[in-house]
Amino acid sequence: MVKRMALVLTMLMVAGGFIFANAQQETPAPSTDGSGSYVIGLSNYSLGNSWRVQMMEEARFEAKNNPRIKELITTEANDDTAKQIADIEDLIARGVDAICISASNPKALIPVVEKAMAAGIVVVDFDNVVDTDNITAHVIVDQIDFGKVQAEWLVKTMNGKGNVVAFNGIKGTSVSADRYAGALSILDMYPEIKIINVVYADWDFAKAKRAMENIIASNAQIDGVWSQGGAMSEAVVKAYNERGLKIPPVTGEDGNGFLKAWKKLREEGSTFDSIATSMPTWISKKAMQVAIDALDGKQVQKEIVLPIPTITADTLDNYVRPNLSDSFWCNSQLPDDRVKAIFQN
């Protein structure tokens, strides 16, 4: 899985056709009549999983094809909050027109966001947000509801009782914390449901698979798995399947690897079932579009909530892409020729 991710990342970086701007490049004056173009900085905290890789590709494709974007300057913090703060400081110094941020920490970035706002820069966060109202806009999905929808399905499937293993994303991020809070708000209502293990697997296939293998080896009774990420859900299913064990109900996400595994089990006559929620990889594209609207002088909402499709057995075939790699995330707005060029098996 790690090798496959690295290959996809390399392809995306080459195919994106973006050269990081040098510090001397002239920044265009903001336009209020919609006629100009802008330099946008995008501060990303991590490329640590395939969702984040595709999210950045959605941003690059939008920048390449949107005439309102003169240049996109991307920075990568490698899961280091101090580096992300320094990255944003650099974008401020370079005089970009707008900064879009996927934040490593909801609190630590508040001062640097306020500095950018004081400098007259439009700031839009997305995905993992900064916990401040002193910002142009937040572009989000309702992550608490994301976790609730999954947990409600799991509780119903388990008939309100049994042992649950919970798989979370990156500890400390707002997305992981909110999804788990949403799940707990449902699971805690059922006294006969017990969470016997909580794993932070960083939304990563390999980490989740090792963790699930160890839990299975402990011979613990597991009646359901609440997983907030598609790669982790895929790992759970494969850990059971490789051992010839009956797979308990597992919640999922729209990662193609998980959807393909789910579809294959159904075709083989398995009783396994799931529900898959979706965090759109095109949220980065939406954040850039909101930033342009704000730069054009349009009024933008402080909080823009994107819809979350829910995939069930009845709609699975509408999303799964059997001829594409496991790394593809199926709720994408990339054109099909671009998707096939990057994610073809």
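The values are calculated or read from the model by the stated rules, or taken from the named source; none is laboratory data. Note that the structure is a prediction, hence the values are computed from the model and not measured. Every residue, glycine among them, receives a Cβ derived from its backbone with ideal geometry; neighbour counts consider all protein chains shown.
Every residue, every condition in (1) out of contact with any Ser or Thr (no Cβ under 6 Å at 6 or more places or on another chain); (2) hydroxyl-bearing (S, T, Y); (3) more than 20 Å from I292 (Cα to Cα), yes or no:
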residue: V112; (1), (2), (3): yes, no, yes
residue: D133; (1), (2), (3): yes, no, no
residue: S176; (1), (2), (3): yes, yes, yes
residue: Y180; (1), (2), (3): yes, yes, yes
Problem - Any hit, region 269-290, residues being without any contact (Cβ under 8 Å) to a residue 40 or more places away in the chain, within 24 Å of G255 (Cα to Cα) and buried (at least 18 other Cβ atoms within 10 Å of the Cβ) - result: yes
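Yes/no matrix, rows are residues, columns are (1) polar (S, T, N, Q); (2) at pLDDT below 95:
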position: K171; (1), (2): no, yes
position: I196; (1), (2): no, no
position: V199; (1), (2): no, no
position: D204; (1), (2): no, yes
position: S218; (1), (2): yes, no
position: S227; (1), (2): yes, no
position: Y240; (1), (2): no, no
Fill in the blank from the handout: Across region 156-198, the tally of residues that are crowded, with 21+ Cβ neighbours inside 10 Å and either part of a loop (DSSP other than H, G, I, E, B) or free of Cβ contacts under 8 Å to residues at least 24 places away in the same chain (or both) stands at 3
Problem - Complete set of residues in region 46-90 that are surrounded by 23 or more Cβ atoms within 10 Å (Cβ to Cβ), over 28 Å from N331 (Cα atoms) and either among the hydrophobic types (A, V, I, L, M, F, W, C) or at pLDDT below 95 (or both) - result: I88
Exercise for the section: Please find, within region 213-248, the residue that is surrounded by the fewest Cβ atoms within 10 Å (Cβ to Cβ) out of those that are in a loop (DSSP other than H, G, I, E, B) and in contact with a helix residue (DSSP H, G or I) (Cβ under 6 Å, 6 or more places away or on another chain). Expected result: I247
Problem - So V320, is it closer than 17 Å to V339 by Cβ, among the β-branched types (V, I, T), touching a residue at least 60 places away in the same chain (Cβ under 8 Å) and buried (at least 19 other Cβ atoms within 10 Å of the Cβ) - result: yes
Problem - Among residues of region 288-310, those that are over 17 Å from I101 (Cβ atoms), touching a Ser or Thr at 6+ places or on another chain (Cβ under 8 Å) and modelled with pLDDT of 95 or more, counted - result: 2
